[in-house]
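Asker: Handing you a structure now.
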Amino acid sequence: MSGRWVHNPIRAIGNNHIVDYPTPSNLTYLWSYGSLAGMMLVVQLVTGIFLAMHYTAHVDRAFASVEHIMRDVNYGWLMRYLHANGASFFFIVVYIHMFRGLYYGSYMKPRQHLWSSGVTIYLLMMATAFIGYVLPWGQMSFWGATVITNLVSAIPGIGQEIVNWVWGGFSVDNPTLNRFYSLHYLLPFVIAGLARVHLILLHQDGSNNPLGICSKVDRVPFYPYFYVKDLLGFIIRMFFYCGFVFFAPNAMGHPDNYILANPMVTPAHIVPEWYFLPFYAILRSIPDKLGGVIAMLAAILSLLTLPFTHGSEIRSPQFRPFFRKFYWRFIACFFLLMYIGACEVTYPFVEVGQISTVFYFGFLLVILPVLGRVEGKMMRAKRLQ
């Protein structure tokens, strides 16, 4: 039996990546959010496939097909609430996973490719979530799609042509819905493939750890030690997840999206889902339309620069007191931008958003690289003493 197990390629892959995978012995529960993100991706794929069986991608029937799923399909309401709330919980898990990586320096060499693949997955998640939010064809779906896709028109010369190509016409209509539906079905499988690449890159250099030391010094098998930790994290996450699904399924949705889309009636306040709000606030903080689009994209793409601009030899924040102070201010700034993104474009929200935007970019593009180099010089000076 042992020979059959070893020579079976599928079982060998599972054994190498799940059972006998050598893991640093000092990992905390914060390291379980990577596996939790993978579990949430599976939940989204399974529920999404089920919903696609009953959804009709047509502007005259999309809203009614969602109501049909909720009212007539056996356990359709459960699948829809699992999928809708699953998107929010997916982003919660991924945000914690990314903030942990940022805090413990998981973007530093030799894990720069691992970090870059994670940011790429995050970008695809945002694209998938945006086009998925359009599919119910409610008021916020229609007007959110209209506002966000119109941003591309800020590109000089070809912007409006690109917008018309995305729309499949001269406004958000049936061709747009069909294209978004196709992409929303396809992109999760692309994300799943990239998640596999992300896992391979992780196991190539090993997991980071709270002390930031070499991961190959003190290691134990993943099973049964960290399997138990991940299982506990999964149970706790499912407790809160199911709490929202069964007792507050619409808490994270916008009430206007339960109204059929009407191109003749504009909502009083158009806002995206909560996980887009920080970047929406950055977009609105720039007076120029093209500048706002560039700033919004740069807010995400700037994460890709961290492995190449950071020069510190120290990973662990336990030995970086100045970094810890700036880091928690950055987290506070991120949540402040999230709050500003849901507010109206009036005083003082615009001004606070602009200040927060400056600090956001300042932390990623200036403070982190400078601190890294200063800490690197201090470390080399101590070695010479």
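Asker: Hey, can you rank 353-361, 194-202 by average C-beta count inside 10 Å, highest first?
Answerer: On the way: 353-361: 19.0, 194-202: 16.6.
By packing density, highest mean first, the sequence is 353-361, 194-202.
Asker: Still on this structure: Taking a 30 Å limit on the Cα-Cα distance, which of the listed pairs Lys289/Lys325; Lys109/Lys229; Lys109/Lys325 fall beyond it?
Answerer: Table pairs above 30 Å Cα-Cα are Lys289/Lys325.
Asker: For the range 129-220, count the residues as N, evaluate 2.2 N^0.38 Å, and divide the Cα radius of gyration by that value, please.
Answerer: Details: Rg = 20.5 Å, N = 92, 2.2 N^0.38 = 12.3 Å.
So the range 129-220 has a normalised radius of gyration of 1.67.
Asker: Oh, and also: Mind listing the phi-derived Karplus ³J(HN,Hα) values for the range 258-267, rounded to whole Hz, using 6.51, -1.76 and 1.60 with θ = phi - 60°, and x for any glycine or proline?
Answerer: 9, 10, 4, 4, 9, x, 8, 10, 8, x
Asker: Using a/c under 1.5 as the rounded threshold, could you call the range 271-378 rounded, prolate or oblate? The axes a ≥ b ≥ c are square roots of the C-alpha gyration tensor eigenvalues, and prolate needs a/b larger than b/c, oblate otherwise.
Answerer: On the way: a/c = 2.58, a/b = 2.00, b/c = 1.29.
Taking the square roots of the gyration eigenvalues as a ≥ b ≥ c, the range 271-378 is prolate.
Asker: Continuing with the same structure: Fewest Cβ neighbours within 10 Å first, please rank Val166, Val345 accordingly.
Answerer: On the way: Val166 17, Val345 12.
Ordered by Cβ neighbours within 10 Å, fewest first: Val345, Val166.
Asker: Testing the spin-label approximation: label points 7 Å from Cα along Cα→Cβ at Phe99 and Val366. State their distance in nm.
Answerer: 2.4 nm
Asker: Just the Cα atoms of the range 324-370: what Rg and Dmax do they give in Å?
Answerer: 11.3, 35
Asker: Per residue Cα convex hull volume for the chain, in cubic angstrom? Could the numbers behind the result be given before it?
Answerer: Working: hull volume 64.6 nm³, N = 385.
About 168 Å³ per residue, rounded to a whole number.
Asker: By how many nm would the segment from Asn262 to Arg373 lengthen if fully extended, with 0.36 nm per residue of separation less the alpha-carbon distance? Could the numbers behind the result be given before it?
Answerer: On the way: separation 111, 0.36 × 111 = 39.96 nm, distance 5.46 nm.
Going from the current span to full extension adds 34.5 nm.
Asker: Also: Convert each backbone phi in the range 62-67 into a coupling constant with the Karplus relation 6.51 cos²θ - 1.76 cosθ + 1.60 (shift: θ = phi - 60°), then list the ³J(HN,Hα) values in order as whole Hz, x for Gly and Pro.
Answerer: Ordered by residue, 3J(HN,Hα) equals 4, 4, 5, 5, 5, 5 Hz.
Asker: Which value in deg cm²/dmol, rounded to the nearest 500, describes the helix-derived mean residue ellipticity at 222 nm for the chain, given -39,500 (n - 2.57) per DSSP H run of n ≥ 4 and division by the residue count? Kindly include the intermediate steps, with their values, before the conclusion.
Answerer: On the way: 16 runs with 250 residues, N = 385.
That calculation yields -21500 deg cm²/dmol at 222 nm.
Asker: Along the positive direction of the dipole of the range 271-378 (beta-carbon charges: Lys, Arg +1; Asp, Glu -1; about the Cα centre), which of Leu303, Gly362, Tyr327 reaches farthest?
Answerer: Result: Tyr327, furthest along the dipole toward the positive end.
Bear in mind that the values in this text are calculations on the coordinates, not laboratory data. These figures come from a predicted structure and were not determined experimentally. Cβ coordinates were reconstructed from backbone atoms using ideal geometry, including for glycine residues, and neighbour counts include every protein chain displayed.
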